[in-house]
Structures are given as structure tokens and as C-alpha cells.
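Worksheet for the structure shown next.
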Amino acid sequence: DCGADCAKFQKSEIEHRFTKQALERPYTSPHAWGPTYGAHKHHLEFSHQQYKELQQFANDIGIFFTASGMDE
């Protein structure tokens, strides 16, 4: 409805981007989505299935879809 031609996202693989120690450390921010940094990051990252659903939705409404890889 807003006239967009493309939906662009960035895909990250949490376990490849952060060390085990970083993911396991407590995360006590008032804006935390989990008790550890890993739980927080996993909450914020779309799953592979969700990316497929987003891609299908973009296709259904006639716009391009892209997701840039953030990790190796």
C-alpha cells in the first residue's frame, strides 16, 4: 500500500556470529527478551521458516524480497 518495490532484510546465524560464552552470559537489560544474551538474540532473529513466509508474502503482493547474509 505504501508503494514499496522491495522488502530487504538481514539474516544472521547467531551461533556463527557470537561465541558460546557471549550467548550464555546473563542479559539483564530492561529491554531483554530472555535471561541470556543468546535467548535475547534468538528472540529477535527470524527463523528460516519465517523468512520463507516473508518471501512468499512479498511474492503474493508483487514486490521483490531479499535477505543479505550477515555471517560467513
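The values are calculated or read from the model by the stated rules, or taken from the named source; none is laboratory data. From a predicted model like this one, the values you see are computed outputs, not experimental measurements. We place every Cβ from the backbone using ideal geometry, glycine too, and count neighbours over all the protein chains shown. Remember, those area values only see protein heavy atoms, side chains included, never the ligands or the DNA or RNA. Shrake-Rupley method; radii C 1.70, N 1.55, O 1.52, S 1.80 Å.
Quick notes on this one:
- Considering Glu13, Glu45, the condition of being surrounded by 10 or more Cβ atoms within 10 Å (Cβ to Cβ), modelled with pLDDT under 95, of a type in the set (Asp, Glu) and touching a helix residue (DSSP H, G or I) at 6+ places or on another chain (Cβ under 8 Å) is satisfied by Glu45 alone.
- Out of Asp71, Asp5, sole residue that is open to solvent by less than 60 Å² (accessible area, probe 1.4 Å), acidic (Asp, Glu) and out of contact with any Leu (no Cβ under 7 Å at 6 or more places or on another chain): Asp71
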